[in-house]
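The next block holds one structure in the form of structure tokens; read it before the comments.
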Amino acid sequence: MRVALGQFNAIVGDLAGNAQKMRQIYARAVKAGVDLLAFPELAICGYPPEDLLHKQHFLRDCSLTLKRLAADCPDKTVIVGFAEGEGAKSYNSAAVIQGGKVRKVYRKGMLPNYGVFDERRYFHPGAEPLVINAEGLDVAITVCFDIWNIRWLRKFLAGAGAIQMILNISASPFYTGKITAREKVINACAKELNCAVAYCNLVGGQDELIFDGRSIFADSTGRLVAKAKAFDEDLIIADVVPAADGTVQIEPVQPAARQPSNPVDEIYQALVLGTRDYTRKNGFKKVLLGLSGGIDSSVTAAIAVAALNCENVIGISMPSEFNSPETISDAEKLANNLGIEFHTIPIGPMLGQFHQSLQTVEGWNDEGIAYENLQARIRGCILMSLSNRFGSLVLTTGNKSETAVGYSTLYGDTAGGFGVIKDVPKTIVYELAEHINEIGGRQIIPEDVITRPPSAELRPDQKDSDSLPDYDLLDRILKGYVEEDKSIAELVAQGLPEDVVSKVIRMVDRNEYKRRLSPPGIKITPKAFGKDRRLPITNLYSHSQDTA
């Protein structure tokens, strides 16, 4: 039997547009002689639809769109993910289309409810397995998380009879290293249940989430035989051949798809896709950002150009007396290297006027952090004013290390619509800069930008190291505390300095309010700020307090 997995870039709520994409993929599959075609989880409505699922008319429209799609796919067996409403309940379901009609429906049994997943908020679990016979092959239909608990799956399918292939439609979000975990699950599923696995994943950016595609075929020995493109739409086709000895072989029809060359390349591709999709899906054509001559804004600008092309990216330099000639020059050099529109708007006159007006309040002066933050807020005001006038999306340039400890200014460098590197630790920002130059085959990001000690340049001779630990140390602490939920004692036991650990954790805890007021950004780590990590702003729990 010839099976195809149609991973495509669905848009949440674009029911007609998603269905039209599936019709086009279906036509290609028919020409390729496919017998069974699968689309990703919730392909009709996109993933995750969140509280749209509480609207009964939304669920009715999903079912209506599914019926129309079925009528246009009369010749093959097609599996389509959709949101199903039945009375007061809703289900994360997979429709089996045959003969132009929805013949059967499978309802997802395992509903994840951790990290970015809130499925128990919306769905009821299904209780019945579904095995279909397609061209003589017995295929069990599953949805995403169903295959991540092999013990549950084995018990769930125990009474369903012989199974030769598990078909899993999925919307599995990306983070660095997720593909390895996913491949282990597919391998284990095939070996434990002694059947082939066809795994169809979603692709595209949806708010903070990235879906990386990489749909997979595995034979009944667990060997991964074929993998679709990463971070791009693809139709991957294979012949599924039951052997006389009871095994199921997979024979790919196409050449192997190119995959990311290393973890940094994987992150880069995710950031490019996320930037493109957030911009385009929300109706923007152009983006603009402040270019300081620093590493963060340089990497953000390069990613934006890769996502949207140089004619749709605008860089704004906003120097003050504290910006060095070198960083001012590097900002312009970067803009020229990228071929983007570039403007210089000095903030000195505006800063002077603000300062003069604020001096009418006793106690105001041009010393300290309030004056430093004023400069950042003037820059934020400039960017948002240009956005408001010309309809361009403002990209913020703060990284995860700075976001974690609050090394940012509310309504200043946090002002904008989308944080491209919001979940990227500073140490990886540097690796991305090197990678951008490598794949570009030239020095796109100037060498001085990469080697110069980082600085906010809000006061004379300022360095990030004046306020923060070395970024290598800081990122190790943040990974342990934010992503792994380790305590001070556990981090110190790893050999990290207790005084620095305690200081960093205090900074992380007291800056939760800033993160709530910052724009969304692309998730690339296992635990990102936002949907992944939700802590109260008002919170008096101390990690050092005596709980005995």
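Step through the residues of the range 148-163 one at a time and calculate ³J(HN,Hα) from phi using the Karplus curve (6.51 cos²θ - 1.76 cosθ + 1.60, θ = phi - 60°), rounding each to whole Hz and writing x for Gly and Pro.
Coupling constants for the range 148-163: 7, 10, 4, 4, 4, 5, 4, 5, 5, 8, 4, x, 8, x, 5, 10 Hz.
Compute the orientation-averaged projected area for the range 28-108 from the convex hull of its Cα atoms and round it to one decimal in nm². List each step's numbers first, then the result.
Values: hull surface 20.3 nm².
One quarter of the hull surface, i.e. the mean projection, equals 5.1 nm².
Defining a contact as two alpha carbons under 8 Å apart and six or more residues distant in sequence, what relative contact order in percent does the range 2-258 show? Walk me through the numbers on the way to the answer.
Numbers: 627 pairs, mean separation 46.7, N = 257.
Reported as a whole number, the value is 18 percent.
Compute the length gained on full extension between residue 450 and residue 369: take 0.36 nm times their separation in residues and subtract their Cα-Cα distance, giving the result in nm to one decimal.
Values: separation 81, 0.36 × 81 = 29.16 nm, distance 2.63 nm.
That pair, residue 450 and residue 369, stretches by 26.5 nm at full extension.
Using the Cα atoms of the chain, I'd like the radius of gyration and the largest Cα-Cα distance, Dmax, both in angstrom.
Here Rg and the maximum Cα pair distance are 25.8, 90 Å.
Just the number, please: Stokes-Einstein D of the range 2-258 in µm²/s, Kirkwood Rh from C-alpha pairs, 4 °C, 1.567 mPa s. The partial results should precede the final answer.
Values: Rh = 17.8 Å.
In µm²/s, the coefficient is 73.
Taking amide hydrogens as modeled 1.01 Å from N in the peptide plane, which residues meet the under 5 Å criterion relative to residue 236, leaving out close sequence neighbours?
The answer is 5, 7.
How much length is gained on full extension from residue 262 to residue 121, taking 0.36 nm per residue of separation minus their Cα-Cα distance? Mind dumping the intermediate values first?
On the way: separation 141, 0.36 × 141 = 50.76 nm, distance 3.64 nm.
Extra length available between residue 262 and residue 121 comes to 47.1 nm.
How many nm is it between the label spots at residue 311 and residue 439, if each spot is 7 Å from the Cα in line with the beta carbon?
Each label point lies 7 Å from its Cα, and together they span 2.3 nm.
Count the DSSP beta bridges whose two residues both fall in the chain, then state the antiparallel fraction as a percent rounded to the nearest 5. Mind showing how you got there, number by number?
Details: 42 of 74 bridges.
Beta bridges within the chain, antiparallel portion: roughly 55 percent.
Please compute the volume of the convex hull spanned by the alpha-carbon atoms of the range 191-272 and report it per residue in Å³. Each step should come with its number before you reach the end.
Values: hull volume 8.5 nm³, N = 82.
Output value, Cα hull per residue: 104 Å³.
Sort largest first and round to whole Å: the equivalent ellipsoid semi-axes of the range 465-508, each the square root of five times a Cα gyration tensor eigenvalue. Don't skip to the answer; put the middle values down first.
Numbers: eigenvalues 47, 22, 18 Å².
Working through the eigenvalues yields semi-axes of 15, 11, 10 Å.
In nanometres, what is the gap between the two model label sites at residue 223 and residue 75, each 7 Å from Cα along Cα-to-Cβ?
The modelled label-to-label distance comes out at 3.3 nm.
How high is the FRET efficiency between residue 353 and residue 537 when r is their beta carbon distance and R₀ equals 30 Å, given to the nearest 0.05?
Values: r = 34 Å, r/R0 = 1.12.
The pair residue 353/residue 537 has a calculated efficiency of 0.35.
When only C-alpha pairs under 8 Å and at least 6 residues apart count, what is the relative contact order of the chain, in percent?
Worked out over the chain, it gives 11 percent.
Between residue 188 and residue 341, what is the spin-label point distance in nm, taking each point 7 Å from the Cα along the Cα→C-beta axis?
5.2
Loop sites only, by DSSP: take the trypsin sites (Lys or Arg not before Pro) in the chain that have at most 10 other C-beta atoms within 10 Å and name the longest stretch containing none of them.
Working: sites that count: 258, 442, 534.
The longest such stretch corresponds to 1-257.
Once both axes come from the Cα atoms, what is the angle between helix 498-510 and the longest principal axis of the chain, in degrees from 0 to 90, rounded to 10?
Once rounded, the angle reads 80 degrees.
In whole Hz and in residue order, list the ³J(HN,Hα) couplings for the range 339-356 that follow from phi through the Karplus curve 6.51 cos²θ - 1.76 cosθ + 1.60, θ = phi - 60°; x for Gly and Pro.
Result, ordered by residue: x, 9, 5, 9, 9, 10, 10, x, 9, x, x, 5, 4, x, 5, 4, 4, 4 Hz.
How much of the DSSP beta bridge set in the range 109-216 is antiparallel, as a percent to the nearest 5? All intermediate terms of the calculation are to be shown ahead of the outcome.
Details: 10 of 21 bridges.
Within the range 109-216, antiparallel bridges account for around 50 percent of the total.
Distances over 24 Å make up what percent of all Cα-Cα pairs in the range 264-466? If you can, show how the numbers build up before the last one.
On the way: 7523 of 20503 pairs.
Percent of Cα pairs beyond 24 Å in the range 264-466: 37.
Step through the table entries 178/503; 178/523; 21/286; 426/527, compare each Cα-Cα distance with 21 Å, and write down the pairs that go over it.
On the way: 178/503 31 Å; 178/523 12 Å; 21/286 25 Å; 426/527 16 Å.
Checking Cα-Cα distances, 178/503; 21/286 exceed 21 Å.
Taking θ as phi - 60°, what are the ³J(HN,Hα) couplings along the range 462-475 by the Karplus curve (6.51, -1.76, 1.60), each to the nearest whole Hz, with x for Gly and Pro?
6, 10, 4, 5, 5, 10, 10, x, 3, 4, 4, 5, 4, 5
Pulled fully out, how much extra length does the chain show between residue 239 and residue 158, if you take 0.36 nm times their separation in residues and subtract their Cα-Cα distance?
Net length gain for the segment: 26.5 nm.
Values quoted throughout were computed directly from the atomic coordinates according to the rules given, and no laboratory measurement underlies them. This one's a predicted model, so the numbers in the text were calculated from it and none came from an experiment. Here the Cβ is made from the backbone with ideal geometry for all residues, glycine too, and neighbour counts use every protein chain on show.
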